[in-house]
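Working notes, structure below.
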Amino acid sequence: QPIETGVKFQSSVSGYITGLRFYKGNGSTGSHAGHIWSGNGVLLADEMYTSETSSGWQEVTLSTPVAIDANTTYVASCFSSSGDYSYTNSFFTTAITHGSLRALADGEDGPNGVYAYGAGNSFPTDTYMSGNYWVDVVFTESTGPDTIPPTVSITSPLNSATGVAVGSAITATFS
């Protein structure tokens, strides 16, 4: 069944998540989407993986990089429509640090090695044996002021909508 698998992480410095990665095992099928979530489950980025190889690390560049704050928990995840995923038991019994990024130890800010069964865009909160699902981020440290212009990510009513009531509220959400 479809599953969202992920990792909780923090950075010691502010910066930008510019891409997502996941490890695809032999025989894995279906489509995959990468997600970045705030620590409390707000979806910050959603990107489909394209041009996947049959196995190995798969990478997607985010259409709009996600700014992250230092010492703040985020979740990177991969949705698998087929339910296939790579897994290593008891991996997050201790934190794993690489440069300024740190995958949290299980129990440090809730569980790590998280998953959720469902039809996509499900914030992963379940865990089993501190497992690593081999999801990773591509990170660029902030070296100055934010120079990435905002983009409109959601509008209501939808772009080109017809038959919208005259008194409807108009909203726009920016990146």
Worksheet item: What is the local net charge at T72, summed over the other residues whose Cβ is closer than 15 Å to its Cβ (Lys, Arg +1; Asp, Glu -1)?
Response: -2
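Could you tell me whether the stretch 91-143 comes out rounded, prolate or oblate from its Cα gyration tensor? Rule is a ≥ b ≥ c as square roots of the eigenvalues, rounded for a/c under 1.5, then prolate if a/b exceeds b/c, otherwise oblate.
Values: a/c = 2.40, a/b = 1.34, b/c = 1.79.
The shape class here is oblate.
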Item to complete: Kindly identify the stretch 98-175 as rounded, prolate or oblate by the Cα gyration tensor criterion: order the square roots of the eigenvalues as a ≥ b ≥ c, call it rounded if a/c is under 1.5, otherwise compare a/b with b/c, prolate if a/b is larger, else oblate.
Response: oblate
Discussion item. I want to verify a result. In a Gaussian network model of the chain, Cα cutoff 10 Å, which of these has the top mean-square fluctuation: G27, G107, G15?
Written reply: G27
Discussion item. Please give me the summed charge of the neighbours of F92: other residues whose Cβ is under 13 Å from its Cβ, Lys and Arg +1, Asp and Glu -1.
Written reply: -1
Practice prompt. Return the Cα extents of the stretch 1-145 along principal axes one, two and three, sorted largest first, each rounded to a whole Å.
Written response: 42, 32, 25
Worksheet item: For I3, what is the net charge nearby, where nearby means another residue's Cβ is under 14 Å from its Cβ and Lys, Arg count +1, Asp, Glu -1?
Response: -2
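Under unit Cβ charges (Lys, Arg +1; Asp, Glu -1), what dipole magnitude, rounded to 20 debye, does the chain have relative to its Cα centre?
On the way: 4 positive and 14 negative charges, 23 e Å.
For the chain, the charge dipole is close to 100 debye.
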Item to complete: DSSP loop (so not H, G, I, E, B), at most 14 other Cβ within 10 Å: list which chymotrypsin sites (Phe, Trp or Tyr not before Pro) in the stretch 108-173 pass both filters.
Response: Y128
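Since every read-out is calculated from the coordinates, none of them should be taken as a lab result. Just so you know, these numbers come straight off a predicted model, no measurement behind them. No Cβ is skipped: glycine too gets one built from the backbone with ideal geometry, and neighbour counts run over all protein chains shown.
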